[in-house]
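This report concerns only the one structure given below.
The values are calculated or read from the model by the stated rules, or taken from the named source; none is laboratory data. Note that this is a predicted model, so its numbers are computed, not measured. Here the Cβ positions follow ideal geometry from the backbone for every residue, glycine too, while neighbour counts run over all protein chains shown.
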Amino acid sequence: MLRRAGVAITTTMTVAMIDPFRTTNQAATSRDSSFTRIMQQFVRCNINERESTDPATNHAEVYSQYITYRISQLNARLTAQATRLLKTNGGLSMVRWRILALLDAHAAITSSELVKAIAMDAGLFSRNLKALINEGLVRAEKNSDDQRQQLLVLTTAGTALFKQAEPAMNQRREQLTFGIAEEDLDTFYRVLQTLEQRTLDTTPENT
């Protein structure tokens, strides 16, 4: 038994102080019960205060007003969605899918043209392109117009793998824009084009 200012504090009281939400069947004095209720209210108030002033929540609300944050979040979700689809439809990664899709859209294209069109880190692009060539999905051919360059083309296997994943990716794009008015999409694309252009503008007033 503990003693504080001449008042006996039983083991039951000690447990209530440590865990104010725990109930006990042991007999307790009215003083003990009152103290327990006060402690319960105190802990609940602290929890509610922490929830209402959670910095992470407040920051998320602030950042949600920034267009750069919203675009970044949307891109992350779109990438995660596409990754899941590609995994079950050919086992491709997003990087490899983009390479195959661009090569499918061109009869033949140089490596420099492809990396520029795909807007990807050169090192990441090079590693994935090399893997696709080694796996027999992409073939490098001599450029008859410039012997210093090679033209990249899809092999039969590469085309087959692309066609395997294409329907699911096409359906995904249709679902993403389903129900959105044509004029809204036109406005959206104009805004995207403006934002893309402004990322290239490095004048002081726009940085």
Legend entry - Of the criteria (1) modelled with pLDDT of 90 or more; (2) surrounded by 11 or more Cβ atoms within 10 Å (Cβ to Cβ); (3) among the small types (Gly, Ala, Ser), which one Ala105 fails: (2)
Inset, instruction - Select from the range 135-172 the residues that are loosely packed, with under 11 Cβ neighbours inside 10 Å, farther than 17 Å from Thr88 by Cα and modelled with pLDDT of 95 or more and list them in ascending order. - result: Thr156
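Tell me which residues, restricted to the range 89-111, are part of a helix (DSSP H, G or I) and without any contact (Cβ under 8 Å) to a residue 24 or more places away in the chain.
Of the residues in the range 89-111, the ones part of a helix (DSSP H, G or I) are 94-105, 111.
Met94, Arg98, Leu102, Ala105 - these are the residues of the range 89-111 that are part of a helix (DSSP H, G or I) and without any contact (Cβ under 8 Å) to a residue 24 or more places away in the chain.
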Legend entry - Enumeration of residues in the range 112-166 that are assigned to a loop (DSSP other than H, G, I, E, B) and among the basic types (Lys, Arg): Arg148
Legend entry - Residue match in the range 180-203 (condition: surrounded by 15 or more Cβ atoms within 10 Å (Cβ to Cβ), charged (D, E, K, R) and either out of contact with any Phe, Trp or Tyr (no Cβ under 8 Å at 6 or more places or on another chain) or assigned to a loop (DSSP other than H, G, I, E, B) (or both)): no
